[in-house]
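Peer 1: Encoded as structure tokens, here's the structure I'll be asking about.
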Amino acid sequence: MKTRKHKSDLIILFSTMGLMALGLIVIYAIGPMRANVLNSTYGTDYDANYFFLGQLRSVGLSLIAFFAAFKWIPYKYIRKISKPLMIIAIALSVLLWILSLAGSSLAKCELGECRWFNFGAVSFQPAELLKLALVIYLADFLARKKEEGTIGDWREFWLPLLIVCGVSLFLVVIAQGDLGTGVALISIIFGTLLISGVPTKQYLIMLALVVAVAVGAVATSSHRMERVDAWLATLSGSESSDSTYHVENAMLAIGVGGLFGVGVGNSVQATGYLPESINDSVFAIMGETFGFVGLFLVIAVFGFILVRMLKVAEGTPDLHDRLLVIGVFSWMLAQVVVNIMAMTSLVPVTGITLPLLSYGGTSMIFIAFGVGLVLQLSCYTSREVIVNNEDISSRRGVGGTHHSGRHRHS
């Protein structure tokens, strides 16, 4: 079977653009309210358009990253930089950890957790680069081990894999206190492992081990246990408290929105009642603004993107490329599902953004790059082509194969 380059998946392309545009509309509507809340509470001096302009800048940079991955950077080059990119991502996370321990102003901290580099007006979250780097690294590592026939071998496969994944999770979950990003990393790891050919028994053992460690990480953290207790209190209908405030106001926002919402610019929760209204809680704000119908459409768009990603993976003949697509799929799926479930009290509240919609540059830029890679690979999914020389020669007379040189073997 042979494949040749063809048109990209337009559903992924236009759905991604649509989500970015919707995010701009939402931030434009609630950005002035967010600025007013911060100015009143912390004495800052944010302009009314500060957050909208910030989101506009983020969308612009994300589009550059998106089209760089889609059109400008050959996907085969991505595999060559897998190791250097992983080293850079880990090194930056280690550096951030050291700076935070030293109390440096270059480490930006919020609520006791240091997750960003602070460069004045610009901040950078290395954990977002780490997600992308892990997707690219695992695709290369697992494909190589499959080719070598060492999948499942303790020394050649599991030991290096556990070191890289273990260090990544430590730097994110322990050093940065970011369980939400940890969930995304775990999803990437086990999503790619699932199709790599690893023995089922080993896969289940490692999955059980990671679940046990995750439970331990929650149980030994008073902050995370408070979130679990708040979630349980919400489910049981207990009396409201400070710990249940966030999820109760998120659900209130969705409930107030009703079927069609209160309209753009009419959100009450964004005026200061709902924490992180432009970041982690943007789904609830959209529920208040656009109602159940709006939320259904947003979920449907994410669903279209995710289903089309699976379609791309299914039609991709090369294992490395398939692993790359599944890595991005697992990344986006984890963030969408966890964010929405947290805002609807189906899981405890955790800090994780809604891809392409939440305010924030680093997160949007790197997920946009990942989706761009998938879109580039969608141009190389399997399609039946004519390989008989006589047929090809006969078609050249009518100009039917002027692209015939652009194909690759599977």
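Peer 1: Which one of these is farther than 23 Å from GLY315 by Cα and not hydrophobic (A, V, I, L, M, F, W, C): SER8, SER62? If you could, list the steps in order and put the result at the bottom.
Peer 2: Details: SER8 fails: farther than 23 Å from GLY315 by Cα.
Checking each option against the conditions leaves just SER62.
Peer 1: Which residue, of GLY261, GLY291, is without any contact (Cβ under 8 Å) to a residue 40 or more places away in the chain, at positive phi and part of a helix (DSSP H, G or I)?
Peer 2: On the way: GLY261 fails: part of a helix (DSSP H, G or I).
Answer to the check: GLY291.
Peer 1: Another one. Just to be sure before I move on: is SER100 polar (S, T, N, Q), within 23 Å of the chain's Cα centre (by Cα) and assigned to a helix (DSSP H, G or I) in the structure I sent? Working first, answer last.
Peer 2: Values: polar (S, T, N, Q): yes; within 23 Å of the chain's Cα centre (by Cα): no; assigned to a helix (DSSP H, G or I): yes.
Spelling it out, it is not the case that SER100 is polar (S, T, N, Q), within 23 Å of the chain's Cα centre (by Cα) and assigned to a helix (DSSP H, G or I).
Peer 1: Between residues in the stretch 11-24 that are under 16 Å from ALA300 (Cβ atoms) and aromatic (Phe, Trp, Tyr) and residues that are modelled with pLDDT of 95 or more and not in a helix (DSSP H, G or I), which pairs lie under 8 Å by C-beta distance while being six or more apart or on different chains?
Peer 2: Listed pairs, sorted by first residue: none to list.
Peer 1: Looking only at the stretch 335-363, filter to residues that are surrounded by fewer than 23 Cβ atoms within 10 Å (Cβ to Cβ) and of a type in the set (Ser, Thr, Tyr); which one of those is modelled with the lowest pLDDT?
Peer 2: Looking at residues that are surrounded by fewer than 23 Cβ atoms within 10 Å (Cβ to Cβ) and of a type in the set (Ser, Thr, Tyr), I get THR350.
Peer 1: Any idea which residue in the stretch 117-150 is modelled with the highest pLDDT, counting only those that are over 24 Å from GLY327 (Cα atoms) and assigned to a strand (DSSP E or B)? First the steps, then the outcome.
Peer 2: Of the stretch 117-150, the ones over 24 Å from GLY327 (Cα atoms) are 117-123.
Still in the list and also assigned to a strand (DSSP E or B): 117-119, 122-123.
Numbers: PHE117: 92, ASN118: 89, PHE119: 85, VAL122: 82, SER123: 87.
Across the stretch 117-150, the extreme among qualifying residues is PHE117.
Peer 1: Another question about this same structure. Looking at ALA69, ALA35 in this structure, which one is in a helix (DSSP H, G or I), in contact with an Asp or Glu (Cβ under 8 Å, 6 or more places away or on another chain) and aliphatic (A, V, I, L, M)? Outline the logic, then answer.
Peer 2: Numbers: ALA69 fails: in contact with an Asp or Glu (Cβ under 8 Å, 6 or more places away or on another chain).
That would be ALA35, the only listed residue that is in a helix (DSSP H, G or I), in contact with an Asp or Glu (Cβ under 8 Å, 6 or more places away or on another chain) and aliphatic (A, V, I, L, M).
Peer 1: Go through the stretch 101-145 and count every residue that is in contact (Cβ under 8 Å) with a residue 24 or more places away in the chain and of a type in the set (Ser, Thr, Tyr).
Peer 2: Summing the residues that are in contact (Cβ under 8 Å) with a residue 24 or more places away in the chain and of a type in the set (Ser, Thr, Tyr) in the stretch 101-145 gives 2.
Peer 1: Would you tally the residues in the stretch 325-361 being part of a helix (DSSP H, G or I) and over 16 Å from LEU185 (Cβ atoms)? First the steps, then the outcome.
Peer 2: Looking only at the stretch 325-361, we keep the residues that are part of a helix (DSSP H, G or I), and these are 325-343, 361.
Applying the additional criterion that residues be over 16 Å from LEU185 (Cβ atoms) yields 325, 340-343, 361.
Of the residues in that region, 6 qualify.
Peer 1: In this structure, is GLY191 touching a residue at least 60 places away in the same chain (Cβ under 8 Å) and in a helix (DSSP H, G or I)? It would help to see each step written out before you state the result.
Peer 2: Details: touching a residue at least 60 places away in the same chain (Cβ under 8 Å): yes; in a helix (DSSP H, G or I): yes.
For GLY191, the condition - touching a residue at least 60 places away in the same chain (Cβ under 8 Å) and in a helix (DSSP H, G or I) - is met.
The values are calculated or read from the model by the stated rules, or taken from the named source; none is laboratory data. Remember, it's a predicted structure, so these values are computed and weren't measured experimentally. A quick note on method: Cβ atoms are made from the backbone with ideal geometry, for glycine too, and the neighbour counts reach across all protein chains shown.
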